[in-house]
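Participant: Sharing a structure below in structure tokens format, with a few things to ask.
The values are calculated or read from the model by the stated rules, or taken from the named source; none is laboratory data. This one's a predicted model, so the numbers in the text were calculated from it and none came from an experiment. Methodologically, a virtual Cβ is constructed for each residue, glycine included, from the backbone with ideal geometry; neighbour enumeration extends over all protein chains shown.
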Amino acid sequence: MYSIIVFSGGYYRFDEFREYIEDIGGLVIRRDSLTIRRGIFFLRNELRALCVVPEDEVENVTREASRIKGEIEIPVVAADAGERILSCFRIHHMLAGSDWKSADEIENLTGIPADGILDTMVEMELLERRHEGEYEYRIPVTEDWDRLKGG
């Protein structure tokens, strides 16, 4: 099973943390930044990231966050919101390593009703969408990866 966590910390070494999350089979769902000022003086930038991680890795993730001067909190999430977040993760996991898939294919393979979730994932830049007769979705890939695959 998976847990929903929130990372709070600085920008410094966040990419390292994100890579760690992905290496253990997790996903950074959303990332928000906050600039803290006192009057006209800049104090610091803070980052908060909503993540989904394997339950048995939460303690290790907390240690990794501490190592880079961040903190982990486990938010209280309403059941329906938690299910939508975990649905995003399952869809993302299913699309990893695959090419374009239609909403119907995604629904059939995951058993998750795609109504609204796919559009939300596109807005969050977790997926990209194209329209060739019907909408199709995939995980965003770099231009180099497309070229290597021959796409």
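Participant: Condition first: within 14 Å of the chain's Cα centre (by Cα) and surrounded by fewer than 18 Cβ atoms within 10 Å (Cβ to Cβ). Now tell me which residues in segment 30-50 satisfy that.
Facilitator: Scanning segment 30-50 gives 30, 31, 32, 48.
Quick grid of which residues meet (1) on the phi < 0 side of the Ramachandran plot; (2) assigned to a helix (DSSP H, G or I); (3) not hydroxyl-bearing (Ser, Thr, Tyr):
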{"site": "11", "(1), (2), (3)": "yes, no, no"}
{"site": "31", "(1), (2), (3)": "yes, no, yes"}
{"site": "35", "(1), (2), (3)": "yes, no, no"}
{"site": "63", "(1), (2), (3)": "yes, yes, yes"}
{"site": "81", "(1), (2), (3)": "yes, yes, yes"}
{"site": "91", "(1), (2), (3)": "yes, yes, yes"}
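Participant: Is it true that residue 36 is within 13 Å of residue 17 (Cα to Cα) and aliphatic (A, V, I, L, M)?
Facilitator: Taking the combined requirement at face value, the residue does not satisfy it.
Participant: Same structure, new question: Can you name the condition, by its number, that residue 15 falls short on among (1) in a strand (DSSP E or B); (2) modelled with pLDDT of 85 or more; (3) farther than 20 Å from residue 123 by Cα?
Facilitator: (1)
Participant: Would you point out which residue out of 27, 50 is touching a residue at least 60 places away in the same chain (Cβ under 8 Å), among the aliphatic types (A, V, I, L, M) and under 29 Å from residue 94 (Cβ atoms)?
Facilitator: 27
Participant: Filter segment 65-75 down to the residues that are surrounded by fewer than 18 Cβ atoms within 10 Å (Cβ to Cβ) and within 18 Å of the chain's Cα centre (by Cα), then identify the one that is farthest from residue 120 (Cα to Cα).
Facilitator: Taking the candidates together, the pick is 71.
Participant: Output the residue which, of all residues in segment 7-28 that are crowded, with 17+ Cβ neighbours inside 10 Å and of a type outside the set (Gly, Ala, Ser), is farthest from residue 55 (Cα to Cα).
Facilitator: 14
Participant: Given (1) in a helix (DSSP H, G or I); (2) farther than 20 Å from residue 119 by Cβ, identify the lone condition not met by residue 76.
Facilitator: (1)
Participant: Of 115, 56, 119, 99, which residue is of a type outside the set (Val, Ile, Thr), modelled with pLDDT under 90, surrounded by fewer than 16 Cβ atoms within 10 Å (Cβ to Cβ) and in a helix (DSSP H, G or I)?
Facilitator: Selected residue: 119, the only one of 115, 56, 119, 99 that is of a type outside the set (Val, Ile, Thr), modelled with pLDDT under 90, surrounded by fewer than 16 Cβ atoms within 10 Å (Cβ to Cβ) and in a helix (DSSP H, G or I).
Participant: Taking segment 1-24 as the search range and keeping residues that are of a type outside the set (Lys, Arg) and free of Cβ contacts under 8 Å to residues at least 40 places away in the same chain, which one is nearest to residue 94 (Cα to Cα)?
Facilitator: Here the answer is 22.
Participant: Applying the selection to segment 56-71, what residues are touching a Lys or Arg at 6+ places or on another chain (Cβ under 9 Å) and touching a residue at least 60 places away in the same chain (Cβ under 8 Å)?
Facilitator: 69, 70
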